[in-house]
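Here's the structure we're looking at; comments come further down.
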Amino acid sequence: MELNSSVAAVVTGGASGLGEATVRALAAKGVKVAIFDMNETKGEAVAKEVGGVFCKVNVTSDEEVDAAFAKARAAHGQERILVNCAGTGNAIKTAGRDKATGETKHFPLDAFNWIIQINLVGTFRCIAKSAKGMLDLEPVDGERGAIVNTASVAAEDGQMGQAAYSASKGGVVGMTLPIARDLAGDGIRVNCILPGIFNTPLMNAAPPQVKEALAASVPFPKRLGNAEDYASLALQMITNGYFNGEDVRLDGAIRMAPR
């Protein structure tokens, strides 16, 4: 797919981190970008900088996602690109003993379901609704659209406390190929990136010594991933017409330890 001003894109979680870098990379190619995010202040600011449109949306809500796609399409037309970066995480052991009280407890099921609803169901919701719209597009060089999902290396080597997060990201990996097969006949490609330890706004809150130790644990290069590293691979997945149905680790060859 050629990236230019005739192409529209939607990036979920596009107000910061991996999503923001992807928004900026697409906009630099002339693409008209819509940012789906909960952070209205940051989202509006990024949209203004890149000449895009911001849509406040919670990906767990059918109504909000529908309204966001309607707003984005009214501004830019039907998107040919969807990049799913919206997501979150938590860290709770499956079962354990409270150190303060000695009481045994298990992972609260509402907390587990919350992660699944955002990371997995929210991603699928956006894919299904975007792909439905792409079906009405005229193919360009046989292609109607390209979708990039975001999982995590935790999908394959999740750490202690990551049962919900790993399950959600494992689901994103697991559904990428079947969705690519579902949409192949209509000229829509689907791929997935599994980032390792990245220097995102969440990571910026960690103490410097923690970040240094994490960077040192990466085989090569010995640094945290940058959001631009993610954006570069996302654009390659979008522009390379033979890239389809793949789940690609982007992690400096790290394999996560149990804790």
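Any read-out appearing in this document is the output of simple, stated calculations on the displayed coordinates, not a laboratory observation. Remember, predicted model here, so these are calculated numbers, not experimental data. Cβ sites come from the backbone with ideal geometry, for glycine too, and all protein chains shown count toward neighbours.
Note on the chain: Cα-only Rg and Dmax are 18.4, 64 Å. In this structure, the residue pairs whose Cα-Cα separation is over 28 Å, taken from 129/222; 32/56; 105/211, are 129/222; 105/211. Mind checking the stretch 62-150 for trypsin sites (Lys or Arg not before Pro) that DSSP puts in a loop (not H, G, I, E or B) and that have at most 16 other Cβ atoms within 10 Å? Sparse-neighbourhood loop trypsin sites (Lys or Arg not before Pro): 93, 99. Spin-label model, residue 253/residue 93: points 7 Å from Cα along the beta carbon direction are separated by 3.4 nm. When a/c reaches 1.5 or more, the comparison of a/b and b/c decides; with that in mind, is the stretch 164-249 rounded, prolate or oblate per its Cα gyration tensor? Prolate shape, in that a/c is at least 1.5 and a/b is the bigger ratio. Inter-part distance, the stretch 28-77 to the stretch 187-258, computed on C-alpha centroids, equals 24 Å. Where does the charge balance sit around residue 85 when Lys and Arg score +1, Asp and Glu -1, over other residues with C-beta under 12 Å from its C-beta? Spelling it out: positives minus negatives among the neighbours equals -2. Among 8, 30, 88, whose Cα sits farthest toward the positive end of the charge dipole of the chain (+1 at Cβ of Lys/Arg, -1 at Cβ of Asp/Glu, about the Cα centre)? Selected residue: 88. Here the extension length gained between residue 240 and residue 58 equals 62.5 nm, from 0.36 nm per residue of separation less the Cα-Cα distance. Each semi-axis of the equivalent ellipsoid for the stretch 1-148 is √(5λ) with λ an eigenvalue of the Cα gyration tensor; in descending order they amount to 35, 16, 13 Å.
Extension gain for residue 6-residue 204 works out to 67.7 nm (0.36 nm per residue, less the C-alpha to C-alpha distance).
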